[in-house]
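Below: the structure, in structure tokens.
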Amino acid sequence: AVAADSVGVGGDRIDLHPSTGGDNYIDIGSVPFEIPLGALLPRRVRNLLPAGKNIGTTHITNGCYRLHPV
């Protein structure tokens, strides 16, 4: 299903580099995903659209989103 406020599509791998040490690097495939406009907008500030790769996300979804090109 297409998100009503989708502003982009990505499809890169999930690439995680945990910070706890040890050999726990994760690199797995992902399916195409959408980037909703709501993830880019601040909740407590009106009339502001940040530029760049500012996004509200988890460390897992950021494993795909932070890679280029998205």
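Structure above, values below:
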read-out	value
Selection from segment 21-55 of residues that are under 10 Å from the mean Cα position of the chain (by Cα), of a type outside the set (A, V, I, L, M) and at pLDDT below 80	Lys53, Asn54
Near pairs, Cβ below 7 angstrom, 6+ apart or cross-chain, from segment 30-57 (closer than 19 Å to Val2 by Cβ and in contact (Cβ under 8 Å) with a residue 12 or more places away in the chain) to any residue that is part of a loop (DSSP other than H, G, I, E, B) and basic (Lys, Arg)	Ser30/Arg13
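The values are calculated or read from the model by the stated rules, or taken from the named source; none is laboratory data. The structure presented is a predicted model; accordingly, all values stated were derived computationally and were not measured. Quick reminder, even Gly has a Cβ in these numbers, built from the backbone with ideal geometry, and neighbours come from all protein chains shown.
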